[in-house]
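The values are calculated or read from the model by the stated rules, or taken from the named source; none is laboratory data. What you are looking at is a predicted structure, and each value in this text was computed from that prediction instead of being measured. Positions of Cβ are generated from backbone atoms using ideal geometry, with glycine treated the same way; all protein chains shown enter the neighbour counts. For the accessible areas, the whole protein counts, side chains as well, though only heavy atoms, and no ligand, DNA or RNA atoms are used. Shrake-Rupley method; radii C 1.70, N 1.55, O 1.52, S 1.80 Å.
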Amino acid sequence: MRWLVGWSSIAASFGTVGAVGHHGEGRTVHPVGSQLLWGDPDPLWAVGDWRPDEIRVVTVATSEGAPTTRLAVLGCCGATDEQLRVGLLAARGGALRHLTAWPGSYTAVVQIGRRITVAGDLAGARPVFHTPWANGTAYATAALPLADLIEAQLDIGHLAALLACPETPEALGDGTPYAGVKRIPPGHALILREGSREITGYEAVASLAVAAPQADPVSAVEGVRDALVEAVRARLTAPRHAPETLPPDPGPVPGMGPAERRAARGAPVPGIGADLSGGSASATLALLASGLPGLPGTVLGHGTGAGERLLAVTFNDLSAPGREDEMERARAIAANPRLHHVVVAAGEEALPYASLESGPLTDEPAPSLVVAERHRRRLSAGSADHFVGHGARQVLDAHPARLADLLMDRRRRHLLRPVAALARAEGPSTHSLFVPLAVYRAARRLARTSYRTGLETAASLLPDANRDAPDLDTPADASLASLAWSRPGPAARWLTGEALAEVSVRLQEAALRPAFVQRPGEARARAALARHAADQRILEQAAEIRSQRLHAPYLDNQVVRAARALPESLRVQPGARAAILRRVLAGAGIHDLPPGWGTPSQATSTAAGRIGLRTALPELIALFDAPLLADAGLVEARVVRKALRAASEGEPLPLDGLAELASTELWLRRLVTRRGTCWTGTAAPRQRAVAGGVVPARRTLQP
């Protein structure tokens, strides 16, 4: 786990580096295992196993007596030093957007005198957190260190909102699971001036009253292609790193080659690699990374390096049938001579809910905790720098609520193809005949519903979510449920009435607050992307392999920005993501794709989740025998255990909701049993955040 932390305070100086504490000057406190980037009066540290090239600090020379002007960029950034200096000068004049326009995934921190600016990303994969502390404000890219710093307790209300409405920003607000620690929204920057804080957006927002001019589809797709190519190029041109020294190789093992023995010892392969699932998202990255032209030191200007082949890793789940076509497509793509194909086969040991007792404590809870072992087995056979296709669905696909945006712009004819596709997905039945009319009515209702009315309606319906929760069995049912300003999450049906009532109050209060309202489809799409990016961040922490870096280019700022320029009429068409990525590859000179490329494969993951739940049922029942969630008043243990048994027997219950409950309970148990703290020094906090057990007081977890 890697993060940066710093603070801004009222005092001009504290005499020693990082000499900030609760009890006056000279009382030092600093993060454990930190690297100081700059010192008082507003220090900044990088904490964790950062690579040397992942930390870049640029300082602009100024005249004597002028305020210090410097920029720190942490992460993978494709900008040159000169571009960083130009961006620093632009930020000094207030143009913060320049700090987010470079290829890669990074966090930028600017210091101009006593003014500190920290820019978050557009997707939410690199969030920024802040909290009041020591007559000022502390900030970090992880919430747990700040919770440790202020000795925070858990915010049970936020956990309730996270389970009840995970894709509704109005319910979540700017909170985190830790009381007193706040998060800035995606697309915003945190500005600190001698302890005071301001949160400002750096991205232009379209007007609700006037439709934005539609971009040309050809030029919009070309923009996505250029952004993806630059995102991949930024990773390929970065310095290569070999894995750190690990236990020695035990020698030949029957049935295991060198790659398998290295994976068993927990070491990634040196070089560049990528997932190759057979789907369009990961295959696009693998093909771009293996054949991107114009890189220095390559054979004939192609490939990832001089004579180097890209390691393509395919995960073959032997416990869940139905992936034969996907595996065949992966093998066909891997026939490319610039790819070295490795298939990681796994059985029950890699199913969802496997090895729940192991795993690190993550910054926040997320549904990916129950599949961390599954991903760790695949990534252990990967490379030191490994591409993953996560986020492509949320970035490129159209959220169903965008149908309402089309109606608001009077583009009714563009609804014909997506509505017809939903009717075909229902199959030949009487119900499918009414799907087009039902979807059109729901989209028109959403287009005519104001933001305030939509939230008030959602708030009034939420307390009954645990009694009237619908079963979303078909794509049409899920699309109809998505055509609303807010809808309950899959875990809401198992929450207590008290928890749902509290989240309902949050929605009612949000409806009364003035806010700049986006179009319903655009707002819902951005919320879904933020939710997925947060889950991806936690997955990287839960499945982390030492010396390995996961790269998700679809979540990069410039890719998200280019995808938002795609016309809605293009995005809502069936198979739009595969068509866009096919044109991206064609623009990069890659045309030979296997039959069936881009076919959705969501059903296989659902089958694996049900098999994993059935296999791990005894462990899950034990997990909810005396759950901390019940002590906090969020669930009733008996109800959850009954749902687990019913789902394992094949009852059509939302598996995503059960995964969220299990992940949150697992995270709570790891949190309250943790040892140590993130801080040291004479003025370090005396206790870690949320140390101890849950009490039935409903509001706090006391140490």
Hand me the GluC sites (Glu not before Pro) from segment 345-389 located in a DSSP loop with no more than 15 other Cβ atoms within 10 Å, in residue order please.
357
So for the pair residue 478, residue 622, with labels modelled 7 Å out along Cα→Cβ, what separation do we get in nm?
3.3 nm
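Counting only DSSP beta bridges with both residues in the chain, what percent are antiparallel, rounded to the nearest 5?
Numbers: 57 of 75 bridges.
Of the beta bridges lying entirely in the chain, close to 75 percent run antiparallel.
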Lys/Arg Cβ at +1, Asp/Glu Cβ at -1, dipole of the chain taken about the Cα centre: which of 420, 666, 129 is farthest positive-ward?
420
For the chain, with the dipole built from +1 on Lys and Arg beta-carbon atoms and -1 on Asp and Glu ones, taken about the Cα centre, which of 647, 438, 160 lies farthest toward the positive end?
438
Of the chymotrypsin sites (Phe, Trp or Tyr not before Pro) in segment 467-559, which ones lie in a loop per DSSP and count no more than 15 other C-beta atoms within 10 Å?
516
Just to be sure I understand the model, the point goes 7 Å from the Cα along the line to the Cβ. What's the resulting residue 512 to residue 335 distance in nm?
6.6 nm
Divide by every residue of the chain the summed helix terms, -39500 (n - 2.57) for each DSSP H run of at least 4, and state the resulting mean residue ellipticity at 222 nm, rounded to the nearest 500 deg cm²/dmol.
-11000 deg cm²/dmol
Residue 635 long-range amide H proximity, modeled H, under 5 Å
496, 630
Quick one: how many Å² of residue 451 are accessible to a 1.4 Å probe, rounded to 10?
40 Å²
Using a simple spin-label model with points 7 Å from Cα along the Cα→Cβ vector, what separation in nm is obtained for residue 328 and residue 64?
7.8 nm
Accessible carbon and sulfur surface of the chain relative to its total accessible area, %, 1.4 Å:
54 percent
Between residue 198 and residue 460, what length comes free when the chain is fully extended (0.36 nm per residue of separation minus the Cα-Cα distance, one decimal in nm)?
91.0 nm
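For the chain, with every protein chain kept in place, what is the accessible area per residue (1.4 Å probe, Å²)?
Per-residue accessible area for the chain comes out at 40 Å².
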Provide the gained length on full extension for the span residue 591 to residue 441, in nm with one decimal, where the gain is 0.36 nm per separating residue minus the Cα-Cα distance.
50.0 nm
Could you list which residues have their amide H under 5 Å from that of residue 679, counting only those 5 or more apart in sequence or on another chain, with H placed in the peptide plane?
32
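State the extension gain, in nm to one decimal, for the chain segment bounded by residue 240 and residue 579, taking 0.36 nm per residue of separation less the distance between their alpha-carbons.
Numbers: separation 339, 0.36 × 339 = 122.04 nm, distance 3.29 nm.
Extra length available between residue 240 and residue 579 comes to 118.8 nm.
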Applied in sequence order to segment 311-316, the curve 6.51 cos²θ - 1.76 cosθ + 1.60 (Karplus, θ = phi - 60°) yields integer Hz couplings, x standing for Gly and Pro, of 7, 9, 10, 10, 9, 10
At most 15 other Cβ atoms within 10 Å and a DSSP loop assignment: could you name the trypsin sites (Lys or Arg not before Pro) in segment 535-620 that fit?
546
Given 157-167, 414-424, the highest-first ranking by average Cβ count within 10 Å works out to 157-167, 414-424
Using R₀ = 60 Å, calculate the FRET efficiency as 1/(1 + (r/R₀)^6) where r is the Cβ-Cβ separation of residue 82 and residue 319; round to 0.05.
0.70
For the chain, averaging the sequence separation of alpha carbon pairs under 8 Å that lie six or more residues apart and dividing by its residue count, the contact order in percent is 19 percent
